[in-house]
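Scroll down for the structure; my scribbles are underneath it.
The values are calculated or read from the model by the stated rules, or taken from the named source; none is laboratory data. On a predicted model such as this, the values are computed, not experimentally measured, just so you know. Because the Cβ atoms are built from the backbone with ideal geometry, glycine has one as well, and the counts that use them run over all protein chains shown.
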Amino acid sequence: MTQPQAPDTLSQIPKSYSPQAAEDRWYETWSGEGFFAARDASDRPAFSIVIPPPNVTGSLHMGHALNATLQDVLVRWKRMAGFNALWLPGTDHAGIATQNVVEKQLAGEGTDRHRIGRAEFTTRVWKWKETSGGRIIRQLKRLGASCDWPRERFTMDEGLSRAVREVFVRLFEEGLVYRGSYIVNWCPRCHTALSDLEVEHEERKGKIYFVRYPAADGGPGVEVATTRPETMLGDAAVAVHPDDDRYKGKIGLVVSLPLTGRKIPVIADPAVSPEFGTGAVKVTPAHDPADFEIGRRHDLPEITVIGDDGRMTAEAGEAFAGLDRAECREKVAAALSAEGLLAAVQDHIHSVGHCYRCKTVVEPLVKDQWFVRVAPLAEPAIEAVESGRIRIVPRNWEKTYFEWMRNIRDWCISRQIWWGHRIPAWYCGDCHGGKIRLKGRWVEEPSGMAPATQPPSHPAAYAQLRAQGLSHERILAGMDTLIADRDVPAIVSREDNPACPSCGGKNVIQDPDVLDTWFSSALWPFSTLGWPDKTPALETFYPTSILVTGFDILFFWVARMIMMGLKFMGDVPFRDVYIHALVRDAEGRKMSKSKGNVIDPLDIVDKHGADAFRFTLAAMAAQGRDVKLSEERIEGYRNFANKIWNASRFVLMNVPPDLSTRNVSRETPWAGALADRWIASRLSAVAAEVNQALTDYRFNEAAAALYQFIWHEYCDWYIELAKISLFGEDAAAKQRTQTVLVMVLETTLRLLHPFMPFLTEEIWQALPPDCRTQAPRGGTIMLAPFPAPDGSLNDRPAEAAMSKLMEAIGALRMLRSEMSVPPSLEVAAVFSTRNKGVAALLDEHAGEIARLARCRPEIGVGLARPSKSAVQILPEMEVYLPLEGVVRIEDEIARLEKEIEKADKEVFGLAKKFENPDFVSKAPPEVVENGRARLAELAEKRRKIGEQAARLSEIGRESS
RNA sequence: GGGCGGAUAGCUCAGCCGGGAGAGCGCUGCCCUUACAAGGCAGAGGUCACAGGUUCGAUCCCUGUUCCGCCUACCA
């Protein structure tokens, strides 16, 4: 590969790591060299992830950053571990969102989509997509995402569109897609139907109105409760519960609907809850989902009083027609009040549905729409998770999944917008021309096309337009929307403009609606790999290995992918689903533009580097917890990156550039000094931990293990110890230390690479060439083998000995610090033990103790304590710091008294356990034994401190 | 209404199979010790929300309570 210029002399390595330059340089190299590419055919095992496609309109937010980081960690790990790893990127076309963006643009130009027409509009959207869309893709690259970019897909691509059409047609043929007239969620602003999932419910303070409906014969009527009095204008009945004794006599009564005088019946329906309100409910089938059901059961008329634009229709009556929903509510309430029919108004909290795109209050309306019959698809999808063919991690999301899947309702998939996959359904103008009503630009001047500045007008029947002399083509060209009567059959076809099966004519008109964006997203795991064609990629990478996503789209997307994957591929779309948390701000609030608490991931990358940012996200991704991101935390990991940088700098400054670890057998370098054996043992433990944690998707644990090892073992101890031989006279020891220093660093870099790709590559490239573990190709760390746990390096004795040594050093450091002995002052110190082995160990490592605790150590068995000295009592040794001429004795006495207090507490707590005879008899023997040993140790320590305190007080008295 | 999750150091959070409470940041003290002051060494700081229960033993398991999130639902 083309070698970017790595600093070649030590003096050139700057003292702190600056990420920017390295990041751009390495990303370009990796991607240019094709290191991210997976192979359609390979003898290596496949590992594949498809990215949850972000909206093409979107820009990278924290959620994306977390999502992408976790995927990249996994895919880089697997790639290094020898898999044919694919991470397939792409975006979705985000129908409503994208359409909104371009519509806003048009509004700025003083026009709108109806004036420019459908064809021109979609051209505009494509143009927008080409120039402004996909910003998020470029942002992902800044994060270091190792996606196979040449495979990038877009839901509106030719191939994916073909998949959409194939699926739609097949579902239709099987009766799983149908067109029907039902109540749907309608956004009066976006002017389209929404699926249930696209409605966000929010608790709102509102009012509940109690309204008297007098009997038609003038007798006592019924009182109903409603939160939406304006809908009463469309009431078709009043319903009560069949078993409600209060209303038994009223069933069948005809009441007079206030303000309209219309006569409506009182009916009985079990859906009514007797406990709520008055127990009698007004029924508005055209404007309430529950009422709609009741209406259909009782064959009530569906009187539409609110129109597509959220304004009252003519049906609402002269007094109200044209009013906005909210205005109308006031007017109706006032009118009822004036007539004395408003019994009461109370405050009431209820949840109100809002459009998830524009937050407008949705209006339930009865509309002709296309639906997917979901229940038959849901069944196998439930089974797949129950049986474990798909694992959801963490598991508690399974419950949510099942809950939703078992109560699933049909999915409304048609949208009344222009940007998206147009529904492949046509209606025959020749057979049903009278029942197909169209709106379009020709209506204003039936003799010809109206100027493009004219918005569409009233609907006209297709037959009528033809009769006025418009050609079929011309009608289509000017058509805006279409309403076909319920009994007009749809011709659903894989080919455009199919011939009518009954008349053979070609004058067919395509349904103007487009499909829900999620319909195409649901096919993503196989449509992106080439389906419906049988491609090698599909063969190799489906089912994908894992899906990484946030729980907010568990239903929107994950569930639907499972259904579609099982239906059309006959297999699950992925083996595992890893559900990660939401990223919140430091206060735990959801980040949102309106709250102004958004942290832009790219600002973080600019400021602290992609590696620090990625590491932070991984470290905070504990399963089942939200990620509360604060900049201080990121700074902490930026410091970590810098620490690694400087440790590496130290290594590079102290090893010859021609050093080779190429032919060093695994055992040799570790066979030497205690520190070498210890760090090797620790390294193998960390490698095991990281591998296991990643296997279990416990990213935070992998990150924590690396952090702990690098900073607190390699840097704090190993490097410090290494300095002794590096700066010493023993050439062999020096060389061995250099070897270990580099080998551990090099291995650690590979372990760390999935988390911090840029930094690790930058350093790895600067290592002596013959110290870099050979990658199968490319000469890059990202293709070098991922360190596997190596049990042969485990060295329990070395770890035990090292912790003794660390304890001894720690004890003296503690005394020094407590006694305020300056770090630069070399002191005398006595290490006394009863254990010969310990004495031998300390003696052997007197040099290390001397350096790391800055002292002249005297080591031995049963050494006398210096008369005026501070002491630290450890299980197997006592450490004395002679105080003569160094500090005041009183300070040490005070310190010891505090220690005595602490030790007493501990002894007391533990001793209490043994007072209970059941503990000794019932607890496992090893637990009891362990307790006994600890108790003995503590008691001994307490005794010795006491003695020492007494002695010092005595001396103190004598000398004063 | 149903469901899920949380409550552990000043802050943000780890804590797998019940058996000696951890990290990061912040704070305090001493140090520019030839990799790093974005650093080193050391330290203080916790009734593991509350009340019961199971157990020899509970931060961990069970029940209930309080508070806080979130998801879901056609009680108008």
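General observations
- Residue A:502 surrounded by fewer than 20 Cβ atoms within 10 Å (Cβ to Cβ), outside any helix (DSSP H, G or I), at pLDDT 85 or above and not basic (Lys, Arg): yes
- Residue match in the range A:330-338 (condition: within 14 Å of RNA strand B (Cβ to nearest atom), among the charged types (D, E, K, R), within 25 Å of residue A:223 (Cα to Cα) and at pLDDT 90 or above): no
- Scanning the range A:811-850 for residues that are near RNA strand B (Cβ under 10 Å from one of its atoms) and not in a helix (DSSP H, G or I), we see that the one that is modelled with the highest pLDDT is A:825.
- Test: residue in the range A:668-687 that is out of contact with any Cys (no Cβ under 6 Å at 6 or more places or on another chain), surrounded by fewer than 23 Cβ atoms within 10 Å (Cβ to Cβ) and not in a helix (DSSP H, G or I): yes
- Contacts under 6 angstrom Cβ, first residue in the range A:670-689 being under 16 Å from residue A:701 (Cα atoms), partner of a type in the set (A, V, I, L, M, F, W, C) and in a loop (DSSP other than H, G, I, E, B), 6 or more apart: none
- Single condition residue A:754 does not satisfy, out of (1) within 18 Å of residue A:652 (Cβ to Cβ); (2) outside any helix (DSSP H, G or I); (3) modelled with pLDDT of 95 or more: (1)
- A search for C-beta distances below 9 Å between a residue of the range A:905-925 that is touching a residue at least 12 places away in the same chain (Cβ under 8 Å) and within 17 Å of residue A:941 (Cβ to Cβ) and any residue that is of a type in the set (D, E, K, R) and within 10 Å of RNA strand B (Cβ to nearest atom), counting only pairs 6+ apart in sequence or on different chains, returns A:906/A:934; A:910/A:934.
- Enumeration of residues in the range A:174-218 that are part of a loop (DSSP other than H, G, I, E, B), hydrophobic (A, V, I, L, M, F, W, C) and out of contact with any Cys (no Cβ under 8 Å at 6 or more places or on another chain): A:176, A:216
- Taking helices (runs of 4 or more DSSP H) as the structural unit, those lying wholly within the range A:70-171 and holding at least 2 residues that are more than 26 Å from residue A:621 (Cβ to Cβ) and among the acidic types (Asp, Glu) correspond to A:118-132.
- Check on residue A:286, in contact (Cβ under 8 Å) with a residue 40 or more places away in the chain, in a strand (DSSP E or B) and of a type in the set (Gly, Ala, Ser): no
- Checking each residue in the range A:187-204 for being within 15 Å of RNA strand B (Cβ to nearest atom) and either at pLDDT 90 or above or among the hydrophobic types (A, V, I, L, M, F, W, C) (or both) picks out A:194, A:197, A:199.
- The listed residues are A:622, A:618, and the only one of them that is within 10 Å of RNA strand B (Cβ to nearest atom) and over 19 Å from residue A:793 (Cβ atoms) turns out to be A:622.
- Of the numbered criteria (1) touching a residue at least 60 places away in the same chain (Cβ under 8 Å); (2) among the small types (Gly, Ala, Ser); (3) in a helix (DSSP H, G or I), the one residue A:732 fails is (1).
- Taking the range A:238-282 as the range and being closer than 20 Å to residue A:337 by Cα, more than 15 Å from RNA strand B (Cβ to nearest atom) and not in a strand (DSSP E or B) as the test, the residues that pass are A:259, A:260, A:261, A:262.
- Whether a residue is surrounded by 13 or more Cβ atoms within 10 Å (Cβ to Cβ) and part of a strand (DSSP E or B) was assessed, and residue A:808 does not pass this test.
- Each residue in the range A:307-350 was checked for being farther than 20 Å from residue A:213 by Cβ and of a type in the set (Val, Ile, Thr), and 2 pass.
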